[in-house]
Amino acid sequence: MLTVALRRDPDGGEPMAVASIEKRAAPVPSASAAPGTVPATPQGPASAAQLEHSAGVTVTRAGEDAPEAIVITIPDETRTIKLATAPDNRLVERSRYGLLPKVGPEGATPAKIYARPLGAEPSAKPAGRIALLVGGLGISQNGTADAIAKLPPPVSLAFAPYGTELERTVQRARGEGHEVFLQLPMEPFDYPDNDPGPHTLLTGPKAPDNIDKLHWALGRFTGYVGIVNFLGGRFTSDEGALSPVLRELAGRGLMVVDDGSSPRSLLAGSADRARVPALKIDRVIDGVTRADAIDKELAALENIAREQGIVIASASALPVSIERINRWAQSLEAKKLVIVPVSAARGFRSPKSTGSIPAGSIKSTGSLQ
């Protein structure tokens, strides 16, 4: 029994409550309950097996298949591959243009440390592997944000040196699992009518300025695996202009990727001779910027990957390209095809070559630049 009375003093006193509490005995169990029955109690945590099943994990305890150990297997979809933190203080040096990459102690290089790890081998052997590099990022903030968010993490991203807030944007891309490359503007055949910008690497009398221009570009952001040419048909066909730049890149532990746009390019071959890890893009998938044309190119990548084991392709960060790649990537698991980082693609090719598919097995949609 609970009795409550409220009384207020008319002269302004504080309210007062009076309560009377009656103590009662505990209820007697019903006579109808069967002997030995345990009264119902609130449900506690599920059993360990139930929790493991609902969480999607498999636990092998000591004495089972893994004696003296407890092994927890996390499903693939919950695994995340994290890239190394950038900048790594071992791999940078200060300059008038900011932090430049360098080879660190015991041979540590940006090409190795900043690369996206391959991760665990798939449970079933892939029917083929596809490395994809999407370039032109860092200029359009919306386009760059879409590429970072929508493209699968194994897709490598290349950033132009002329964007704003590049360090922050690049680190966001790396945080999402994308390894990154720096696009170096190089002289095309129709320069200066087609001008890649004020820091373009040039042939001819202005070639001595190239190392200074290279340092400016290298200092724009950190955490990149290597460089890829932007345009550069004339520059990449000139061994004399290429050699000093490649020696500088070799001394800084960077990888070189030839974007495959110029059939006259010496970039990948010259880099390989300079002992710079190098690759050449096999196929440009959005030379024609229509959805149906891009879909056709992506289908061709699948066939080449099955035939050759690995194919390396590139695309621009155009909305239609990002949308078609995103849609296509979702179909690859069922086809037993996997996307791998560009940095890893060289390992699936003969070390005696620059990693290019034999001539005649593909066609390039890139134009002469």
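The values are calculated or read from the model by the stated rules, or taken from the named source; none is laboratory data. Small disclaimer: the values here were computed from a predicted structure and weren't measured. Methodologically, a virtual Cβ is constructed for each residue, glycine included, from the backbone with ideal geometry; neighbour enumeration extends over all protein chains shown. Quick note on the areas: whole protein, heavy atoms, side chains included, nothing else; ligands and nucleic acids left out. Shrake-Rupley method; radii C 1.70, N 1.55, O 1.52, S 1.80 Å.
Give the residues of the range 119-152 that are buried (at least 16 other Cβ atoms within 10 Å of the Cβ), of a type in the set (A, V, I, L, M, F, W, C) and assigned to a loop (DSSP other than H, G, I, E, B), sorted by residue number. Within the range 119-152, LEU151 is the sole residue that qualifies. Only a single criterion out of (1) over 17 Å from the mean Cα position of the chain (by Cα); (2) crowded, with 23+ Cβ neighbours inside 10 Å is not satisfied by ASP195, namely (2).
Does ARG306 meet the test of being among the basic types (Lys, Arg) and touching a Lys or Arg at 6+ places or on another chain (Cβ under 7 Å)? Judged against the criteria, ARG306 is not a match.
Across the range 249-274, the qualifying residues are those that are part of a loop (DSSP other than H, G, I, E, B) and of a type in the set (D, E, K, R), and the one among them that is nearest to GLY107 (Cα to Cα) is ARG252. Tallying residues that are of a type in the set (Gly, Ala, Ser) and at pLDDT 50 or above within the range 330-367 yields 7. Of the residues ALA250, ALA274, which single one is open to solvent by 10 Å² or more (accessible area, probe 1.4 Å), of a type in the set (Gly, Ala, Ser) and modelled with pLDDT under 95? None of the others qualify; the one that does is ALA274. Evaluating LYS296 against the criteria (1) out of contact with any strand residue (DSSP E or B) (no Cβ under 9 Å at 6 or more places or on another chain); (2) farther than 13 Å from LEU184 by Cβ; (3) in contact (Cβ under 8 Å) with a residue 12 or more places away in the chain leaves one unmet condition, (3). Determine if the range 222-243 includes at least one residue that is hydrophobic (A, V, I, L, M, F, W, C) and free of Cβ contacts under 8 Å to residues at least 40 places away in the same chain. Yes: the range 222-243 contains one or more residues that are hydrophobic (A, V, I, L, M, F, W, C) and free of Cβ contacts under 8 Å to residues at least 40 places away in the same chain.
A single member of ILE227, ILE211 is more than 27 Å from the chain's Cα centre (by Cα) and aliphatic (A, V, I, L, M), and it is ILE211.
Which members of the range 321-335 meet the condition of being open to solvent by 40 Å² or more (accessible area, probe 1.4 Å) and either farther than 16 Å from ALA131 by Cα or not in a loop (DSSP other than H, G, I, E, B) (or both)? Residues satisfying the conditions are GLU323, ASN326, ARG327, GLU333, ALA334, LYS335. Among ARG116, ARG94, which is the only one that is assigned to a strand (DSSP E or B) and basic (Lys, Arg)? Unique residue meeting the criteria: ARG94.
Inspection of the range 224-240 identifies no residue that is in contact with a Lys or Arg (Cβ under 9 Å, 6 or more places away or on another chain) and farther than 24 Å from ILE285 by Cα. Within the range 260-271, being at pLDDT 95 or above and open to solvent by 10 Å² or more (accessible area, probe 1.4 Å) holds for ARG264, SER265, LEU266.
Of the residues making up the range 166-188, those that are open to solvent by less than 10 Å² (accessible area, probe 1.4 Å), touching a residue at least 40 places away in the same chain (Cβ under 8 Å) and part of a helix (DSSP H, G or I) are LEU166, VAL170. Just to verify a result, which residue in the range 295-319, among those that are within 21 Å of LEU137 (Cβ to Cβ) and not in a helix (DSSP H, G or I), is farthest from the chain's Cα centre (by Cα)? That would be LEU318. Selection within the range 224-238: residues that are part of a helix (DSSP H, G or I) and either of a type in the set (Ser, Thr, Tyr) or at pLDDT below 95 (or both). The member of this set that is nearest to VAL276 (Cα to Cα) is THR236.
In the range 203-222, the count of residues that are outside any helix (DSSP H, G or I), within 28 Å of LEU83 (Cβ to Cβ), open to solvent by less than 10 Å² (accessible area, probe 1.4 Å) and out of contact with any helix residue (DSSP H, G or I) (no Cβ under 9 Å at 6 or more places or on another chain) is zero.
Every listed requirement among (1) touching a Phe, Trp or Tyr at 6+ places or on another chain (Cβ under 7 Å); (2) open to solvent by 30 Å² or more (accessible area, probe 1.4 Å); (3) part of a loop (DSSP other than H, G, I, E, B) is met by ALA86 save one, (2).
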